[in-house]
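Asks: First the structure, then my questions, so here it is.
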Amino acid sequence: MKFRLLLILFIIVLLVACATTPTGRSQLAFMPDSELDAMGLQAFTTMKNEKEISQNTRENQFVRCVANAITRETGGDWEVVVFEDNTLNAFALPGNKIGVHTGLVDLVDNQDQLASVIGHEIGHVMAKHSNERMSQKLGAQMGMSIIAAVAAPTTPMGQTALGLLGVGTQYGLIMPFSRLHESEADAIGIELMAKAGFNPAESITLWQKMAQASQGAQPVEFLSTHPSHETRIEDLRALLPKANKIMGQARSTGKNPACKK
């Protein structure tokens, strides 16, 4: 009886939690948006308290100029902070928060390259990838409870079943979907930057620069949550013709950002 109730509950959660990303992909996302936004705000506040914030006026103006041009395409008020950090990183959090590291600002040559990264990170938020990852984790934990009820976890066979499910969850569900999230954010980001009038071709140049900066110190793609640089560049090339058309339409309406580094 307990197993049947757990199974019914699990199926109901799966049915009511179906959502669709901006690319048209179905996803499991049952966490309330308000809760994710609150978590994003809390995390961002903690980072602002613990990490040094750049006081470089020129850097801040450059980053905010690029971010504002892109967020005008998404709507809402976004907070943008430049952090003093040499790593090549940027991020966006639920609740409309954007963080950019000075290491990334130093790496990029122009506004378009920075726009490709910021567009990608906003793409994660637009596609509710954080919600999906958390929902997958909770769903996996619920699934493990059901398996545990059936497999009698106190027995050696039950322990083996749970162990195998854990491995399957890590490499069969969470890890591949994380790579999918990265590719999906690339697809959303390149269109988003093009809608704002940025040159999408510079996204390829940016990832070529990232590949050179990483100097080959990258895990095997199968066990990585990110596509390899080669895969990412190849996928972006395939998306470029459509993105170029979007950029042309945007510029014809007067969208032509001029953010100076």
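Asks: Once the other residues with Cβ under 14 Å from the Cβ of K242 are scored (Lys, Arg +1; Asp, Glu -1), what is the net sum?
Replies: Spelling it out: positives minus negatives among the neighbours equals 0.
Asks: About its Cα centre, how strong a charge dipole does the stretch 35-85 have in debye, to the nearest 20, once Lys and Arg get +1 and Asp and Glu get -1 at the Cβ?
Replies: Using Cβ point charges on Lys, Arg, Asp and Glu, the stretch 35-85 gives about 220 debye.
Asks: Something else now. Summing +1 for each Lys or Arg and -1 for each Asp or Glu, what net charge is found among the other residues whose Cβ lies under 11 Å from the Cβ of T205?
Replies: Within the 11 Å Cβ shell, the charges total -2.
Asks: Now for a separate question. Which entries in the list K48/K255; K48/K209; K97/K195; K51/K209 go over 23 Å, if you measure between the two C-alpha atoms of each?
Replies: Among K48/K255; K48/K209; K97/K195; K51/K209, the Cα-Cα distance tops 23 Å for K48/K255; K48/K209; K51/K209.
Asks: A further question on this structure: Assuming R0 = 45 Å, can you tell me the calculated FRET efficiency for the pair S26 and Q55, based on Cβ-Cβ distance, to the nearest 0.05?
Replies: For R0 = 45 Å, the calculated efficiency reads 0.50.
Asks: Starting from one equal scatterer on each C-alpha and no solvent at all, send me the Debye-based log10 I(q)/I(0) for the stretch 92-136 at q = 0.29 Å⁻¹, two decimals.
Replies: So the normalised log intensities are -1.01.
Asks: Based on the Cβ-Cβ distance of K260 and T231, what FRET efficiency does E = 1/(1 + (r/R0)^6) give at R0 = 30 Å, to the nearest 0.05?
Replies: After rounding, the FRET efficiency stands at 0.40.
Asks: Convex hull over the alpha-carbon atoms of the stretch 46-106: what's its volume per residue in Å³?
Replies: Spread over its residues, the Cα hull of the stretch 46-106 gives 82 Å³ apiece.
Throughout, read-outs are computed from the coordinates displayed, never taken from laboratory work. Quick caveat, the model's predicted, so the values are computed rather than measured. Positions of Cβ are generated from backbone atoms using ideal geometry, with glycine treated the same way; all protein chains shown enter the neighbour counts.
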